[in-house]
Amino acid sequence: MSDPSLLAVVLSGGSGTRLWPMSREQHPKQLQSLLGGESLLQQTLRRLEGLPLGVPIIVGNHEYRFLTAEQLRQLGLVDWTLLLEPVGRNTAPALTAAALYATRDGTDPVLLATPADQHVRNADAFRDAVRRGMPEAERGAMVTFGIAPDRPETGYGYVEAGTVAAGSGVRALIAFAEKPDLATARGYLAGGRHLWNSGIFMLRASVWLRAIGHFAPEILAACRKAVDGARDDCDFVRLDPAAFAASPVDSIDYAVMEKLPAAAELGIPGRVIPLDAGWSDVGAWDALWLASDRGDDGNAVRGDVWLEDSHGNLVIAEHGLVACIGCEDMVVVGTADAVLIAPRSRSQDVKRLVGRLKAAGRSEVDLHRKVHRPWGWYDGIDRGERFQVKRIVVRPGAALSLQKHHHRAEHWVVVRGAAKVTRGAETILLGENESTYIPQGVKHRLENPGQIPLEIIEVQSGSYLGEDDIVRFEEDSGFKP
């Protein structure tokens, strides 16, 4: 068994609105495959391999718990803790809850707190930096990892670091700096004392709890109640909803890190480990373009993309063909239900647009057309007045809940696999090219008893087709992470 003195805390609760339309509130960027075959969350856990870690704690929103757990299962992880936030409260409460949970047995591990939505090209260099910082954290220091800037970036926060201790590569933490204007960022780049703030921290759990209790006692009190009232739910740990919701909203940086250098009375030294590992926070489309492989023309493309006389673009086609002519330094992202077109230089403005869409009640902010569920997923193919068509895929051995609908009937056609259908008092087995009809108001359930995914086409018809027209009698997702 690995040495549990170093414990990874993966912060996986963000929504990534600046990467809309790929990132949605219920399918955020850390669960997306933005760079390579695995999601950013999976890549984060991959680069921890080889470190002497105990069972990792992943802090995430309960809305996408099943998708998160499925991605952990795909990695082949045997042991993990998925700590569920009932509501988002930013990173300071998330880390506080994780630290309290990690110390509930009386131990005091060193926590390696890392966001789930970053990209690091050189995992070996990352692990080497963690090993260099470990002795400092064990001695009670608060360690952060700073990225050597290669441009005057105004979208990142900075840390000011002191001189390098002889032979150690460890620097003293002088101060944190907010996201600067362009002139200030140029000065930082020229001065050589400032590094980008990676948002990755390493410290003992007791050190964090002492610091958050000093600077933000309301957060500590709320999180303590939330952990004391937590309950196990299958493979999840649910924080007490009311207690956690009472916590103030704040980030690790604002709540503690920016105040730490001036708080000599705490006696917590700050240390900076320079990290040269091809780091990116993948916070917006221009950052994704920088982190992507690009051709000689500067274009980064994915999917069915055709370009003519175009340079410096990020073009992603998730659904259908995307063609660009004469485009320069643009972002073009096409999904099944939305298309974004913007200059790369205005990537930060996507968040403002998403705010307007949310205020207008647009569903494209929350969900993709393809929606993941614990039993599989469905894709809304078509919709019109009094009808809706879905493609539904159910994992082997999984089942939907026993349910009925007041306002709609459903027609199911099996196109692959086998379906076990409960319809009222009868149970029937359907094979490929067979179908059934579920009348309005009849209790029913769909199950996959086979060894391959079950795929059906569902046609709904009726006066109301909303997802809230469901009366569930049993919850039996068949989900086994």
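The values are calculated or read from the model by the stated rules, or taken from the named source; none is laboratory data. None of these values were measured; they are calculated from a predicted model. A quick note on method: Cβ atoms are made from the backbone with ideal geometry, for glycine too, and the neighbour counts reach across all protein chains shown. Surface areas here come from the heavy atoms of the whole protein model, side chains and all, with no ligands, DNA or RNA. Shrake-Rupley method; radii C 1.70, N 1.55, O 1.52, S 1.80 Å.
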Query raised in the report: If we only count strands (runs of 3 or more DSSP E) wholly inside the range 363-438, which ones have 3 or more residues that are at pLDDT 95 or above and either open to solvent by less than 30 Å² (accessible area, probe 1.4 Å) or in contact with an Asp or Glu (Cβ under 7 Å, 6 or more places away or on another chain) (or both)?
Result: 387-394, 408-416, 419-423
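Could you grab me the full set of residues in the range 340-359 that are open to solvent by 100 Å² or more (accessible area, probe 1.4 Å) and more than 18 Å from ALA287 (Cα to Cα)?
Listed by number, the residues that qualify are ARG356, LYS358.
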Query raised in the report: If only one of THR154, THR91, THR81 is hydroxyl-bearing (Ser, Thr, Tyr) and closer than 26 Å to GLY267 by Cα, which one is it?
Result: THR91
Query - Residue pairs meeting the criteria (Cβ under 6 Å; at least 6 apart or on separate chains; first modelled with pLDDT of 95 or more and assigned to a strand (DSSP E or B), in the range 451-479; second aromatic (Phe, Trp, Tyr) and surrounded by fewer than 15 Cβ atoms within 10 Å (Cβ to Cβ)) - result: SER461/PHE387
Query raised in the report: For THR427, which of the numbered conditions (1) β-branched (Val, Ile, Thr); (2) closer than 15 Å to LEU400 by Cβ; (3) touching a residue at least 24 places away in the same chain (Cβ under 8 Å) fails to hold?
Result: (3)
Query - Residue that is of a type in the set (Val, Ile, Thr), under 25 Å from GLU63 (Cβ atoms) and touching a Phe, Trp or Tyr at 6+ places or on another chain (Cβ under 8 Å), where the choices are ILE392, ILE457, ILE381 - result: ILE392
Requested in this report: Report yes if ALA221 is aliphatic (A, V, I, L, M), closer than 30 Å to PHE66 by Cβ and modelled with pLDDT of 95 or more, otherwise no.
Outcome: no
Requested in this report: Just name the residue that is nearest to GLY146 (Cα to Cα) out of those in the range 170-187 that are among the small types (Gly, Ala, Ser) and loosely packed, with under 15 Cβ neighbours inside 10 Å.
Outcome: GLY187
**Report entry** Test: residue in the range 442-458 that is surrounded by fewer than 16 Cβ atoms within 10 Å (Cβ to Cβ), over 30 Å from SER15 (Cα atoms) and small (Gly, Ala, Ser)
**Finding:** no
Query - Whichever residue in the range 322-358 is assigned to a loop (DSSP other than H, G, I, E, B) and either within 22 Å of GLY312 (Cβ to Cβ) or β-branched (Val, Ile, Thr) (or both) and, among such residues, is modelled with the lowest pLDDT - result: THR335
Query raised in the report: Conditions: (1) aromatic (Phe, Trp, Tyr); (2) without any contact (Cβ under 8 Å) to a residue 24 or more places away in the chain; (3) in contact with a helix residue (DSSP H, G or I) (Cβ under 6 Å, 6 or more places away or on another chain). TRP285 meets all but one. Number of the miss?
Result: (2)
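Would you be able to say whether some residue in the range 152-167 is closer than 29 Å to SER347 by Cα, of a type outside the set (A, V, I, L, M, F, W, C) and open to solvent by 50 Å² or more (accessible area, probe 1.4 Å)?
yes
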Query raised in the report: Filtering the range 291-338 down to residues that are open to solvent by 70 Å² or more (accessible area, probe 1.4 Å) and without any contact (Cβ under 8 Å) to a residue 12 or more places away in the chain, which residue is farthest from the chain's Cα centre (by Cα)?
Result: ASP296
Query raised in the report: Of ASP240, ASP281, ASP297, ASP309, which residue is among the acidic types (Asp, Glu) and at pLDDT below 95?
Result: ASP281
